[in-house]
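*Asks:* The structure is given below, and queries will be raised subsequently.
Derivation of every value follows stated rules applied to the coordinates shown; laboratory data play no part. What you are looking at is a predicted structure, and each value in this text was computed from that prediction instead of being measured. Positions of Cβ are generated from backbone atoms using ideal geometry, with glycine treated the same way; all protein chains shown enter the neighbour counts.
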């Protein structure tokens, strides 16, 4: 069920805005038919989430079709024209570079990049937001991007991890756990994957597959005496859609770094997977 300022909103009353089968329409239908009450302050807040979820799916599919490589942090690589590769294997935005240009370069010159799956999800989030915010908004908001893993995230992304959810929605990040992973390849202990809708997922290093395909790929990377199959967990990770919508529409403000450096007070350590 959807409530906007306390009033019920049905999929039928909004569905004509979106094509049948689109990410927006699929998300809207799931929210409307759910037994959970999804509350929004304004109609714009809901529309923002629908459009951003569609952008996340598009950004994941685009990255899945690129030449962006799977690499461990020890062997990660990036385009030095835009990013500084740190000793821990992350990518720090270079001074004087527009954040939007640097994110687009990962897609435009994907052959120059390689890292692991959690960082790939964060890249997808930023690419989705580049397509929503104006260039000035995006560049003002995300001046100190550091791409590494869940531990280094701008607080305005508002990312939250839910141990269990009643409804899985397009654009959610799911986690496939591989409990009997081969100890020689610990990077395959699990796979972060974007739900693309219609039973398909994108997981960096595995590609675009259904759940069975991702599980099969992880099972090939188990120890020799493995007894337990990889499996899809019931958890979901989501952007702070309402927070981002409020920023987009100018109803929420944040203090920005004036020199473009990383402000550690605006980074939070999630470490949830």
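*Asks:* Between residue 155 and residue 224, what FRET efficiency follows from the Cβ-Cβ distance if R0 is 41 Å, with the result rounded to 0.05?
*Replies:* Numbers: r = 43 Å, r/R0 = 1.06.
Computed FRET efficiency for residue 155 and residue 224: 0.40.
*Asks:* Debye calculation, C-alpha points only, no solvent: report log10 I(q)/I(0) for region 102-186 at q = 0.19, 0.24 Å⁻¹, in the same order as the q values.
*Replies:* -1.05, -1.37
*Asks:* While we're here: Can you tell me the length gained on complete extension of the stretch residue 3 to residue 231, counting 0.36 nm per residue apart and subtracting the Cα distance? Provide the component values of the computation, followed by the final result.
*Replies:* On the way: separation 228, 0.36 × 228 = 82.08 nm, distance 3.40 nm.
Extending this stretch completely gives an extra 78.7 nm.
*Asks:* How far, in nm, would the chain grow between residue 87 and residue 162 when pulled straight, counting 0.36 nm per residue and subtracting the alpha carbon separation? Write out the running numbers ahead of the final one.
*Replies:* Values: separation 75, 0.36 × 75 = 27.00 nm, distance 3.11 nm.
Gain on extension, residue 87 to residue 162, equals 23.9 nm.
*Asks:* To continue, here is another question. For region 212-250 and region 21-99, what is the centre-to-centre distance using only Cα atoms, to the nearest Å?
*Replies:* 14 Å
*Asks:* What FRET efficiency comes out for the pair residue 10/residue 42, r = Cβ-Cβ distance, R0 = 22 Å, nearest 0.05?
*Replies:* Details: r = 17 Å, r/R0 = 0.77.
The calculated FRET efficiency here is 0.85.
*Asks:* So how much slack lies between residue 185 and residue 80, counting 0.36 nm per residue of separation and subtracting their Cα-Cα distance, in nm?
*Replies:* My answer for the length gained is 35.0 nm.
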